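Here the structure is laid out as structure tokens; the discussion comes afterwards.
The values are calculated or read from the model by the stated rules, or taken from the named source; none is laboratory data. What you are looking at is a predicted structure, and each value in this text was computed from that prediction instead of being measured. Backbone-built Cβ (ideal geometry, glycine too); neighbour counts: all protein chains shown. Ligands, DNA and RNA are stripped out before the accessible areas are found, and what is left, the full protein with its side chains, is counted by its heavy atoms. Shrake-Rupley method; radii C 1.70, N 1.55, O 1.52, S 1.80 Å.
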Amino acid sequence: MTRKAAVLGLGYLAGLLIASFFALWLSGITGGLLLCFGAAVIFIVRPEKSGRLFAFSAAALSCGIGMLLYSGYDAFVYRDIVSQSGVSFEGNAIIKDVSVYSEDSAFCTARVELCDGKKADIGWYADNSDVARGDRAYLSGTLYAPENTAFFDSADYYRSRNIFLLLDTDTEEYFPGEHNIFRILRDFRQNAARIIRRYVPSDEGELLIGMIFGSDEWNISSEAEKCLYRSGVGHIASVSGMHMAVAAGIASAAAVALSMTKRGKLLLVAAVCLVFALTADMSLSVIRALIMTLLVYSAELFKRQSDPLSSLSIAAFVLTVGTPFIVRNASFMLSFSGVLGAAVLAPAALDNVKKAYENRFGRKMGEASGLTSSVLTAVCASLAVIPASILCLDELSVVSPVTNLLLSPFFTVAMIIAMTGAVLTVLPFSGLSGGLFLVSGAICRPVLWAAEKIGSLAFAALPSGTEIAPPMIGLVIISAGVSALVLKNRSAVILTVSAAVLSAAAAITVYRAVPYEYTRMALLTDGKGCVLIISEGQYSEIFDFMGNSKSIKAAERYISRNDTGTVGMIFLRKNADYAAPLYQKAFPKAQIVSQGVNNGLTYETEGNIIKFGGISCRPYKEYCIIEAEGAKLISIDRKCAPPDKSFDMCIYNCTAEVNVQADIYAVTKNSFKGLLPANEIIVRGGGEFIADSGKIYVREDRKWLR
């Protein structure tokens with residue numbers, strides 16, 4: 001059997017990925033079955049080691065190991081650490097990572113020792129943006145486990161970064177480290193971003209900042225950002241594997257054009273990648289991408305036969321064996337897929353292009369192969385990150401293959417020029433780097449315009465939030481890897497992967513097309529207020545009781561992730577002057593109903609009935625009564641005396657206790673102190689519900705998915 005490391009590594013990663021979707025019990029059972037099957041075939045049947053049965057059995061064995069490792073880490077490490085939620089913490093910490101959110105706020109992480117002696121990474125929000133990695137901090141407060149909400153999937157996000165506990169700080173003091181290299185790098189990035197904004201004060205400049213420093217550093221407009229992701233090229237602002245792979249691929253092509261030795265080629269690739277990593281803050285995602293890239297390109301030097309896929313698989317195994325949860329980390333997936341496209345797919349594509357050229361013209365490509373290699377590297381790296389982008393983002397970009405093919409070469413050129421300009425900002429002549437930023441910004445301008453035009457098309461993207469979308473996407477990725485390893489015929493591989501893609505698309509389409517005879521309700525909350533989204537047939541209505549940027553983003557995110565139909569009406573209870581224009585941009589076809597706003601309908605707070613489709617709303621000063629599918633719910637805004645009636649659901653969107661008779665009580669305020677009846681259903685936080693035949697039911701969770 002050839003490519004043993006590739007077979008075992010990809011099988012292991014497939015196991016981690018599957019287990020990250022499956023519930024703990026299901027991943028444990030499935031992993032055990034795969035492990036037993038693979039071991040039985042290999043050690044009892046003993047097929048020929050170069051045969052396909054042996055390769056398939058080895059892949060199944062390693063897949064089972066991956067699933068069991070993920071499940072075991074969940075059961076015996078993650079849950080043990082999360083059990084410390086609610087415990088007080090006090091001590092010193094060395095900051096591992098910093099994400100600055102504003103002039104006076106930053107999110108920091110550090111590895112600390114818990115009260116039971118175990119060590120774990122924790123995160124906290126610092127009231128100080130002048131902190132850097134390597135600084136020392138003194139902290140005290142209460143540990144708590146993050147939770148997923150409709151506003152932000154905190155638990156999933158932090159778990160993918162191997163952060164299982166957050167700290168609600170009571171005391172925080174920071175002591176900057178002397179000669180801290182990370183503080184120097186931070187000052188370098190801030191200076192480069194300042195020069196970019198001086199010479200390119202527009203979305204093009206923010207795009208350049210995103211390409212070389214990541215989306216954490218840019219301030220691009222929300223419209224441009226949305227169109228970039230809808231057009232399928234938003235991943236260019238997630239500094240990870242694709243950027244590192246493109247930089248390494250270009251350095252490799254330059255080394256080939258200069259007829260450098262293998263050692264010289266590796267040194268050039270390492271130097272270029274290291275410079276890029278330094279400009280990108282040497283964050284954990286960039287370090288992972290650097291390790292993967294250097295292992296892949298070092299294969300040619302240390303092996304008689306270069307096998308980048310095996311090297312990449314080994315690197316991925318080393319990075320995940322101690323922290324398996326990072327398999328769902330966006331930066332890890334983009335790093336892995338980006339390097340896969342540039343170091344594995346691009347050389348194969350270049351070989352095919354060379355063969356086709358020689359067959360057509362009867363001679364070798366010569367100097368043109370260097371340019372062709374650079375273009376193929378950019379295109380293949382961009383195409384390879386599409387599955388990871390689908391898993392990480394809220395929408396499936398239908399046009400992403402086309403836009404990546406057409407626009408990525410231009411983005412790559414702009415990124416190289418901007419990176420060169422960023423490096424030159426260390427010189428006292430800012431005009432030199434400013435000129436390069438002007439050139440790269442000029443390249444981005446028409447490309448950004450094209451991305452915005454494509455991304456604004458109604459059919460550019462589809463929601464990715466159906467229940468079967470994640471396992472279907474995983475099935476496509478797994479079928480691609482398995483078919484590439486087991487099938488030797490390229491046409492058969494293409495046919496298998498295409499069939500898997502079409503099957504997944506058909507399954508998702510059929511699932512969406514199946515009509516449902518009930519009305520869905522989604523209660524989105526962050527502990528400070530709520531947004532209620534009611535979906536009936538082809539239309540959805542948004543009832544926003546907050547009217548701030550968080551509630552608007554939460555509504556957009558839910559609508560984009562779920563098959564909820566067209567937004568027909570938006571009901572604004574608070575801050576209508578601020579929220580109405582933003583909602584109008586997000587949902588231009590929706591009718592906005594608010595109090596005191598000139599555009600759209602207005603209502604009085606003394607009982608006007610607002611109707612849309614099968615939903616009616618009667619707003620009052622202290623509460624609102626909403627009726628859907630014959631079911632009635634009341635949302636309490638402040639202490640009041642509601643009508644003496646029973647409701648199917650009561651939403652406490654306030655802190656005061658109000659006596660209401662209902663079947664379901666939902667509390668959206670963390671500070672709620674009222675007494676609730678013990679014999680009824682109590683929902684603390686958000687959730688999904690079903691209105692049917694005059695009743696409201698709590699929608700059951702999917703027990704087989706995490």
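Looking at the structure I just gave you, is S373 modelled with pLDDT under 70, among the polar types (S, T, N, Q) and either over 30 Å from D153 (Cα atoms) or assigned to a helix (DSSP H, G or I) (or both)?
Spelling it out, it is not the case that S373 is modelled with pLDDT under 70, among the polar types (S, T, N, Q) and either over 30 Å from D153 (Cα atoms) or assigned to a helix (DSSP H, G or I) (or both).
If I ask for residues that are of a type in the set (S, T, N, Q) and at negative phi, which ones from the stretch 127-169 would you list?
N128, S129, S140, T142, N148, T149, S154, S160, T169
Only one of (1) in contact with a helix residue (DSSP H, G or I) (Cβ under 6 Å, 6 or more places away or on another chain); (2) modelled with pLDDT under 90 fails for F54. Which number is that?
The number of the failed condition is (1).
Do we have any residue at all in the stretch 241-248 that's open to solvent by 10 Å² or more (accessible area, probe 1.4 Å), farther than 28 Å from P428 by Cα and either touching a Ser or Thr at 6+ places or on another chain (Cβ under 7 Å) or not in a helix (DSSP H, G or I) (or both)?
Checked against the condition, which is being open to solvent by 10 Å² or more (accessible area, probe 1.4 Å), farther than 28 Å from P428 by Cα and either touching a Ser or Thr at 6+ places or on another chain (Cβ under 7 Å) or not in a helix (DSSP H, G or I) (or both), the stretch 241-248 yields at least one hit.
Which members of the stretch 650-663 meet the condition of being in contact with a Phe, Trp or Tyr (Cβ under 7 Å, 6 or more places away or on another chain) and touching a residue at least 60 places away in the same chain (Cβ under 8 Å)?
Within the stretch 650-663, N653 is the sole residue that qualifies.
Condition (residue is of a type in the set (V, I, T), in contact with a Lys or Arg (Cβ under 7 Å, 6 or more places away or on another chain) and free of Cβ contacts under 8 Å to residues at least 24 places away in the same chain) applied to the stretch 622-641: is it met by at least one residue?
Step one: filter the stretch 622-641 for residues of a type in the set (V, I, T), giving 625-626, 634, 636.
Checking which are in contact with a Lys or Arg (Cβ under 7 Å, 6 or more places away or on another chain) leaves us with 625.
Add one more test, that the residue is free of Cβ contacts under 8 Å to residues at least 24 places away in the same chain, and what stays is 625.
Taking every residue of the stretch 622-641 in turn, at least one turns out to be of a type in the set (V, I, T), in contact with a Lys or Arg (Cβ under 7 Å, 6 or more places away or on another chain) and free of Cβ contacts under 8 Å to residues at least 24 places away in the same chain.
Sort out for me the helices (runs of 4 or more DSSP H) sitting completely within the stretch 1-92 that have 2 or more residues that are over 25 Å from S337 (Cα atoms).
Where helices (runs of 4 or more DSSP H) fall fully within the stretch 1-92 and carry at least 2 residues being over 25 Å from S337 (Cα atoms), they are 24-40, 52-73, 79-82.
Name, by its number, the condition in (1) open to solvent by less than 50 Å² (accessible area, probe 1.4 Å); (2) in contact with a strand residue (DSSP E or B) (Cβ under 9 Å, 6 or more places away or on another chain); (3) within 25 Å of I212 (Cα to Cα) that does not hold for F182.
With respect to (1) open to solvent by less than 50 Å² (accessible area, probe 1.4 Å); (2) in contact with a strand residue (DSSP E or B) (Cβ under 9 Å, 6 or more places away or on another chain); (3) within 25 Å of I212 (Cα to Cα), F182 is out only on (1).
In the stretch 167-174, is there at least one residue being among the aromatic types (F, W, Y), within 30 Å of A554 (Cβ to Cβ) and in a strand (DSSP E or B)? Break it down stepwise before answering.
From the stretch 167-174, those among the aromatic types (F, W, Y) are 174; that's our starting set.
Filter once more, keeping what is within 30 Å of A554 (Cβ to Cβ): none.
Within the stretch 167-174, not a single residue is among the aromatic types (F, W, Y), within 30 Å of A554 (Cβ to Cβ) and in a strand (DSSP E or B).
From F332, F317, which residue is open to solvent by less than 10 Å² (accessible area, probe 1.4 Å) and at pLDDT 80 or above?
None of the others qualify; the one that does is F332.
So S310 clears everything in (1) in contact with a Ser or Thr (Cβ under 9 Å, 6 or more places away or on another chain); (2) modelled with pLDDT of 75 or more; (3) surrounded by 21 or more Cβ atoms within 10 Å (Cβ to Cβ); (4) among the polar types (S, T, N, Q) except one condition, right? Which one?
Result: S310 passes all but (1).
Tell me the residue from V482, V501, V476, V531 that is among the β-branched types (V, I, T), modelled with pLDDT of 75 or more and touching a helix residue (DSSP H, G or I) at 6+ places or on another chain (Cβ under 8 Å), please.
V531 is the lone residue from the list that is among the β-branched types (V, I, T), modelled with pLDDT of 75 or more and touching a helix residue (DSSP H, G or I) at 6+ places or on another chain (Cβ under 8 Å).
Against the conditions (1) open to solvent by 10 Å² or more (accessible area, probe 1.4 Å); (2) free of Cβ contacts under 8 Å to residues at least 60 places away in the same chain, where does I690 fall short? Just the number, please.
(2) is the only condition that I690 fails.
So, of the residues in the stretch 27-85 that are aromatic (F, W, Y) and farther than 17 Å from V321 by Cα, which turns out to be surrounded by the fewest Cβ atoms within 10 Å (Cβ to Cβ)?
Among those that are aromatic (F, W, Y) and farther than 17 Å from V321 by Cα, it is F43.
Please state which of the following conditions W218 fails to meet, knowing it meets all the rest: (1) assigned to a loop (DSSP other than H, G, I, E, B); (2) within 22 Å of I417 (Cα to Cα); (3) open to solvent by 40 Å² or more (accessible area, probe 1.4 Å).
Among (1) assigned to a loop (DSSP other than H, G, I, E, B); (2) within 22 Å of I417 (Cα to Cα); (3) open to solvent by 40 Å² or more (accessible area, probe 1.4 Å), the lone unmet condition for W218 is (3).
Looking at I592, I615, I609, which one is more than 30 Å from the chain's Cα centre (by Cα) and open to solvent by 80 Å² or more (accessible area, probe 1.4 Å)?
Values: I592 fails: open to solvent by 80 Å² or more (accessible area, probe 1.4 Å); I615 fails: open to solvent by 80 Å² or more (accessible area, probe 1.4 Å).
Just a single option satisfies the conditions, and that option is I609.
Among the residues in the stretch 634-641, are any surrounded by 15 or more Cβ atoms within 10 Å (Cβ to Cβ), part of a helix (DSSP H, G or I), on the phi < 0 side of the Ramachandran plot and out of contact with any helix residue (DSSP H, G or I) (no Cβ under 8 Å at 6 or more places or on another chain)?
The answer is no, given that none of the residues of the stretch 634-641 is surrounded by 15 or more Cβ atoms within 10 Å (Cβ to Cβ), part of a helix (DSSP H, G or I), on the phi < 0 side of the Ramachandran plot and out of contact with any helix residue (DSSP H, G or I) (no Cβ under 8 Å at 6 or more places or on another chain).
Using beta carbons and a limit of 8 Å, which pairs, at least six apart or on different chains, have the first residue in the stretch 248-262 and farther than 21 Å from A289 by Cα and the second one open to solvent by 50 Å² or more (accessible area, probe 1.4 Å) and assigned to a loop (DSSP other than H, G, I, E, B)?
Here the result reads A257/E367, each pair linking the stretch 248-262 to a residue that is open to solvent by 50 Å² or more (accessible area, probe 1.4 Å) and assigned to a loop (DSSP other than H, G, I, E, B).
Which residue out of Y158, Y144 is open to solvent by less than 50 Å² (accessible area, probe 1.4 Å) and either of a type in the set (D, E) or modelled with pLDDT of 90 or more (or both)?
Just a single option satisfies the conditions, and that option is Y158.
Okay, residues lined up against (1) over 22 Å from E604 (Cβ atoms); (2) in contact with a strand residue (DSSP E or B) (Cβ under 8 Å, 6 or more places away or on another chain); (3) in contact (Cβ under 8 Å) with a residue 40 or more places away in the chain; (4) surrounded by fewer than 17 Cβ atoms within 10 Å (Cβ to Cβ):
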| site | (1), (2), (3), (4) |
| --- | --- |
| I542 | no, yes, yes, no |
| F545 | no, yes, yes, no |
| K550 | yes, no, yes, yes |
| A554 | yes, yes, yes, no |
| R557 | yes, no, yes, no |
| N562 | yes, yes, yes, no |
| G565 | yes, yes, no, yes |
| A579 | no, yes, no, no |
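Taking the conditions exactly as written (surrounded by fewer than 16 Cβ atoms within 10 Å (Cβ to Cβ) and in contact (Cβ under 8 Å) with a residue 40 or more places away in the chain), does Y138 satisfy them or not?
Yes, satisfied.
So, Y623, is that one touching a strand residue (DSSP E or B) at 6+ places or on another chain (Cβ under 9 Å), surrounded by 19 or more Cβ atoms within 10 Å (Cβ to Cβ) and among the hydroxyl-bearing types (S, T, Y) or not?
yes
Which one is farthest from I636 (Cα to Cα) among residues in the stretch 522-575 that are assigned to a loop (DSSP other than H, G, I, E, B) and of a type in the set (D, E, K, R)?
Checked the stretch 522-575; the qualifying residue farthest from I636 (Cα to Cα) is D563.
Mind counting the residues in the stretch 95-131 that are outside any strand (DSSP E or B) and among the acidic types (D, E)?
So the answer is 5.
Looking only at the stretch 99-114, decide whether some residue is of a type in the set (D, E) and open to solvent by less than 20 Å² (accessible area, probe 1.4 Å).
Taking the stretch 99-114 and keeping what is of a type in the set (D, E), we get 103-104, 113.
After this cut, where a residue has to be open to solvent by less than 20 Å² (accessible area, probe 1.4 Å) as well, the list is none.
So far as the stretch 99-114 goes, no, none of its residues is of a type in the set (D, E) and open to solvent by less than 20 Å² (accessible area, probe 1.4 Å).
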